[in-house]
1. Suppose we keep just the DSSP beta bridges with both residues in segment 77-168; what percent of those would be antiparallel, to 5?
2. Note down the nm distance, to one decimal, between modelled labels 7 Å out along Cα→Cβ at Gln247 and at Asp64.
3. Using label points projected 7 Å from each Cα along Cα→Cβ, tell me how many nm separate Ala104 and Ala269, to one decimal.
4. Add +1 for every Lys or Arg and -1 for every Asp or Glu among the other residues with Cβ under 15 Å from the Cβ of Thr114, and state the total.
5. Calculate, in whole percent, how much of the Cα-Cα pair population of segment 223-291 lies beyond 14 Å.
6. With Cβ to Cβ distances under 10 Å as the rule, what net charge do the other residues near Leu87 carry (K, R +1; D, E -1)?
7. In debye to the nearest 20, how big a dipole does segment 191-276 give about its Cα centre with +1 on each Lys and Arg Cβ and -1 on each Asp and Glu Cβ?
8. First select every other residue whose beta carbon is under 15 angstrom from the beta carbon of Tyr281; then total the charges, Lys and Arg +1, Asp and Glu -1.
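Just so it is clear, none of the values below were taken in a lab; they were calculated from the coordinates. What you see is a predicted model, and the numbers here were worked out from it, not measured in a lab. Positions of Cβ are backbone-derived with ideal geometry, glycine not excepted, and every protein chain shown enters the neighbour counts.
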Amino acid sequence: MTAIRTIAVLGAGTMGRGIAQVAAQGGYATRLFDPVGGALEKARQNVERTLEKGVKLGKVSAEDAAATLGRLALDREIARAVADADLVIEAVPERMDLKVATFAEVARCCPAHTLFASNTSGLSITEIAAASGRADRFAGMHFFNPVHLMKLVELVRGLETTEATLAAMAEVSVRMGKEVVVVREAPGFVTSRINALIGNEAFRMLETGVASAEDIDKALKLGLNHPMGPFEMVDLVGLDVRYSILQHLHATLGETYRPSNLLAQYVKAGRLGRKSGKGVYVYDEEGNRIG
């Protein structure tokens, strides 16, 4: 299999820009694609701020930060972004139709040897892979937010994913500074499936008045040693993302995963978490909690 030197990341949202940053830090020539110019500029500024903070904290050298930015290119043309990519990592919104359409287009524009990965947190890798026309060279690479800090990558094996594909993506993950677990495709994989249950039950307890959001978060952090409470976590991930995952798990795994009514109401009200300024908690423009 061809050595991976160039990586294209599709989608400049929270996950995409984080994946692009760790790819560039890992030494790969990295192209970040998004059709919206404003999203690319926001992504560039975010990566710069993250690296500057790393330098101030002594976790990244000034030379490495500069080299990382030098390896990162931004592009609004998908065909150009993937033209010489050895690996394409998709991080578009969590909709099956969008992911399928994205890979169908990418397959027409990139070299025959290119490997494909999806950052989906729970959708079927096999189904997305089928649209790409190269199911043997397709796997899931599920990163976690914030990407530059979270150490795990869930490497998800589809029905036809080869061992060579998994090995190549595992090597990339390690160079990005990650540790890998290999998961056979199943709804929600490992982390999304368990985390969805915890978060959904927290909303049910909040809805029935068992405890306040603050006290539920505090209880799980201090009593179960979770680094974040379930409401802090869902505000970071996005309530719409969690709701979509639960809808998928409910459809595939049954009533245990039916989304809570309160979560559904929050999403319909536009309370999506930090990215909208209000979720379970309230945030300022910089994403700092203020209420």
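1. Antiparallel: roughly 35 percent of the beta bridges in segment 77-168.
2. 4.1
3. Label-label distance for Ala104 and Ala269, simple model: 3.8 nm.
4. +1
5. When every Cα pair of segment 223-291 is considered, 59 percent fall beyond 14 Å.
6. Net charge in that neighbourhood comes out at +1.
7. I would put it at about 220 debye.
8. 0
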